[in-house]
Amino acid sequence: MVTLLNKYLDKNGYSNQKELFEDLFLSHPNYPSLFAITDSLNVLSIENIALKVPKEQLSDLPENFLAVYNNDITLVTKTTSIVVETEGKKKQKLNFDEFLSGWNEIIIAIEPNANPVLKKHKTNVKNLFYTLPFLGLIAVSATYNTYTFSSTSLLISSCIGLILSIFIVQEKLGIKNEMISKFCNLNPNASCDTVIKSKKSEINQWIGLSDLPFLFFSISTISILWQPKLSSIIGFLSLLAIPAIAYSIWLQKIELKKWCVLCLAVSFIIVFQSVTFGFENSSLLIVSNINLVPFFYSTIFITSIWFTIKPILENKITLEKQVNQLNRFKRNFNFFQFLSKNIEEFDDFEKLNGITFGNKNATTQITLILSPSCGHCHKAFEDAYELIQNYSEKTHLTILFNINPDNEDNTYKIVAENLLALNEQNPQKAKEAIIDWHINRLDLISWKRKWSVEAPHLLVNKELQNQYYWCLKNEFNYTPVKIINDNLFPDEYEINELKYFINDFHEEMEIEKSLKVV
């Protein structure tokens, strides 16, 4: 579904938001519901609407929208006809009546980006990292070896088979590829995923049918590059593999009743290599006269590498899924509230004056109590400031200080005093000064030179004292102290995770207002 939703974001000019959306959506506690989609869009401040539309108003809907069609979330493109695209399935072109018969009238639509981000076609560095050395290896082999028509054909077909087998392994591991998904779903009877992930395609707990093409074509490619004469061995092994191909086709046709297009393509390549071997070698004498040492070395090398890497890949993908599942639990607003603690001595808190950012009327009120000498405070402020930058209308940040005004030995006390003095004179300069300290990390001498003020006013000392005593009263003998909407921020969360709950705080505030009216 993520691929489909990212495509919808692309169509509406939000290409730069796809990575953030994917993170929000996959870790949403209600994944993969419609609410998870709309809530993730809300967090990104993408205007959206989910509603039930009468069927007679279909013509009034935008050209692109998400809809529930035949119980699937689909991407709908509406022109003179309707094109319905479902994750992992072939596009369907329907007339209006056909679409209306399967549509349950529910849609999700987003406001197109007024300043769309153009999709950048960047060179995939990762692909180049693998491709260039491989091309270099082919060039070296071509320089020092002599290739016949047969060996060239088998080398090219092995390279194609290797690429297809990599796609098969990706499907097995659950790594989605949009291009391959389309290729694998050319018709309703095709499903690479069903065949490749079937338990009947497993040979034992260590190896399955999806491993065999990768091992075979990897070994074939390396062997031929090493010694082109080994193409005869590869052709002979392809001939021996015909029964396995027959079993694969039987499994797809009879047992699973689904065709794996990738598997069929690999089968075709193996048959092609068998035929090439048959035409080029009328006897097996040429096979018996070949030095097999490079082939055995290639087999041992590729097999040992693959069975070392494979469990690492499987564990990595499993861990990523588990992290998403745990994040869904962690993103539950009720759980977040449960971990938030009440502040015992809250009197006079509203009288404390600090440096403020964002919308003072926002439903998410963050207070950070910092110390200029605290290294952890740098990260807390930086995360909070980034949150304010991204959600300035929905959040408000207040910075207070927990520093003893009577401790003259504290060389960093001057930072808090100057910041509060600047805040009285010019709040904007106070904001710039605190950014210089916590984000730009100016050293003390440079910072004092840039943000020097006259001797702090008595009111500034009084304010610093009030903030310090309030912390003493609540036994806050540490920094940073994080407060969210008058409660202590849970230690189990980071400030940057607050973005997941901004809409929840807004809804909670709206409910409280409605209850007061009643």
(1) modelled with pLDDT under 80; (2) charged (D, E, K, R); (3) in contact with a Cys (Cβ under 8 Å, 6 or more places away or on another chain) all hold for Lys119 apart from (3)
Of residues in the stretch 206-228 being in contact with a Ser or Thr (Cβ under 9 Å, 6 or more places away or on another chain) and of a type in the set (A, V, I, L, M), the one nearest to Ser151 (Cα to Cα)
Ile224
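Being in a helix (DSSP H, G or I), of a type in the set (Val, Ile, Thr) and in the same structural domain as Ile355 (by TED's automatic domain parsing) is the requirement here; does Ile434 meet it?
Numbers: in a helix (DSSP H, G or I): yes; of a type in the set (Val, Ile, Thr): yes; in the same structural domain as Ile355 (by TED's automatic domain parsing): yes.
Taking the combined requirement at face value, the residue satisfies it.
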Can you name the condition, by its number, that Phe476 falls short on among (1) of a type in the set (A, V, I, L, M, F, W, C); (2) in a helix (DSSP H, G or I); (3) modelled with pLDDT of 90 or more; (4) within 40 Å of the chain's Cα centre (by Cα)?
(2)
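Okay, residues lined up against (1) farther than 30 Å from Gly136 by Cα; (2) surrounded by fewer than 20 Cβ atoms within 10 Å (Cβ to Cβ); (3) at pLDDT 90 or above; (4) not basic (Lys, Arg):
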residue: Thr148; (1), (2), (3), (4): no, yes, no, yes
residue: Thr152; (1), (2), (3), (4): no, yes, no, yes
residue: Gln170; (1), (2), (3), (4): no, yes, no, yes
residue: Asp193; (1), (2), (3), (4): yes, yes, no, yes
residue: Glu202; (1), (2), (3), (4): yes, yes, no, yes
residue: Asp211; (1), (2), (3), (4): no, no, no, yes
residue: Ile234; (1), (2), (3), (4): no, no, no, yes
residue: Ser248; (1), (2), (3), (4): yes, no, no, yes
residue: Ile254; (1), (2), (3), (4): yes, yes, no, yes
What number of residues in the stretch 307-337 are within 24 Å of Phe25 (Cβ to Cβ) and more than 19 Å from the chain's Cα centre (by Cα)?
6
Hey, Ile399 in contact with a Phe, Trp or Tyr (Cβ under 8 Å, 6 or more places away or on another chain) and surrounded by fewer than 16 Cβ atoms within 10 Å (Cβ to Cβ) or not
no
Taking Phe335 and the conditions (1) in a helix (DSSP H, G or I); (2) hydrophobic (A, V, I, L, M, F, W, C); (3) assigned by TED's automatic domain parsing to the domain that holds Leu420, which numbered condition does it fall short on, given that it satisfies the others?
(3)
I need the full set of residues from the stretch 351-391 which are of a type in the set (Asp, Glu) and either surrounded by fewer than 16 Cβ atoms within 10 Å (Cβ to Cβ) or outside the structural domain of Leu442 (by TED's automatic domain parsing) (or both), in order please.
Glu386
Which residues, taken from the stretch 406-431, are under 14 Å from Val453 (Cα atoms) and part of a loop (DSSP other than H, G, I, E, B)?
Asn426
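Please verify whether Lys229 is out of contact with any helix residue (DSSP H, G or I) (no Cβ under 6 Å at 6 or more places or on another chain) and surrounded by 16 or more Cβ atoms within 10 Å (Cβ to Cβ), treating the condition exactly as stated. Working first, answer last.
Details: out of contact with any helix residue (DSSP H, G or I) (no Cβ under 6 Å at 6 or more places or on another chain): yes; surrounded by 16 or more Cβ atoms within 10 Å (Cβ to Cβ): yes.
Yes: the conditions hold for Lys229.
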Given (1) at pLDDT below 90; (2) among the aromatic types (Phe, Trp, Tyr); (3) farther than 29 Å from Cys184 by Cβ, number of the condition Phe301 does not satisfy
(1)
Among Lys462, Lys482, Lys516, Lys448, the single one that is in a strand (DSSP E or B) and either surrounded by fewer than 16 Cβ atoms within 10 Å (Cβ to Cβ) or modelled with pLDDT of 85 or more (or both) is Lys482
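Among the residues of the stretch 36-94, write down those that are part of a helix (DSSP H, G or I), without any contact (Cβ under 8 Å) to a residue 40 or more places away in the chain and among the charged types (D, E, K, R). Step through it out loud before you land on a result.
Let us first name the residues in the stretch 36-94 that are part of a helix (DSSP H, G or I), namely 36-43, 55-60.
Retained after the next criterion (residues that are without any contact (Cβ under 8 Å) to a residue 40 or more places away in the chain): 36, 40, 56-57, 59-60.
Across the stretch 36-94, the qualifying residues are Glu56, Asp60.
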Of all residues in the stretch 38-61 being surrounded by 14 or more Cβ atoms within 10 Å (Cβ to Cβ) and touching a strand residue (DSSP E or B) at 6+ places or on another chain (Cβ under 6 Å), the one that is nearest to Pro116 (Cα to Cα):
Ile46
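Looking only at the stretch 392-426, which residues are small (Gly, Ala, Ser) and under 41 Å from the mean Cα position of the chain (by Cα)? Walk me through it before giving the result.
At the first step, the residues of the stretch 392-426 found to be small (Gly, Ala, Ser) are 392, 416, 421.
Across the stretch 392-426, the qualifying residues are Ser392, Ala416.
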Does Ser223 meet the test of being of a type in the set (Gly, Ala, Ser), in contact with a Pro (Cβ under 7 Å, 6 or more places away or on another chain) and either in a loop (DSSP other than H, G, I, E, B) or in the same structural domain as Leu319 (by TED's automatic domain parsing) (or both)?
yes
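Test Ile502 against the stated conditions and say whether it is modelled with pLDDT under 90, touching a Lys or Arg at 6+ places or on another chain (Cβ under 9 Å) and surrounded by 13 or more Cβ atoms within 10 Å (Cβ to Cβ). Give the derivation first.
Values: modelled with pLDDT under 90: yes; touching a Lys or Arg at 6+ places or on another chain (Cβ under 9 Å): yes; surrounded by 13 or more Cβ atoms within 10 Å (Cβ to Cβ): yes.
So Ile502 passes the test.
Say we look at the stretch 1-30 and pick out the residues that are of a type in the set (Phe, Trp, Tyr) and touching a residue at least 60 places away in the same chain (Cβ under 8 Å); which of these is nearest to Lys91 (Cα to Cα)? Write out each step before concluding.
Taking the stretch 1-30 as the starting set, the residues that turn out to be of a type in the set (Phe, Trp, Tyr) are 8, 14, 21, 25.
Checking which are touching a residue at least 60 places away in the same chain (Cβ under 8 Å) leaves us with 8, 14.
Working: Tyr8: 14, Tyr14: 23 Å.
My answer is Tyr8.
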Is there a residue being at pLDDT 85 or above, under 39 Å from the mean Cα position of the chain (by Cα) and not in a helix (DSSP H, G or I) anywhere in the stretch 260-280?
yes
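The values are calculated or read from the model by the stated rules, or taken from the named source; none is laboratory data. Predicted model, so just to flag it, every value in this text is computed and none were measured. Glycine also receives a Cβ, built like all others from the backbone with ideal geometry; neighbour counts cover every protein chain displayed.
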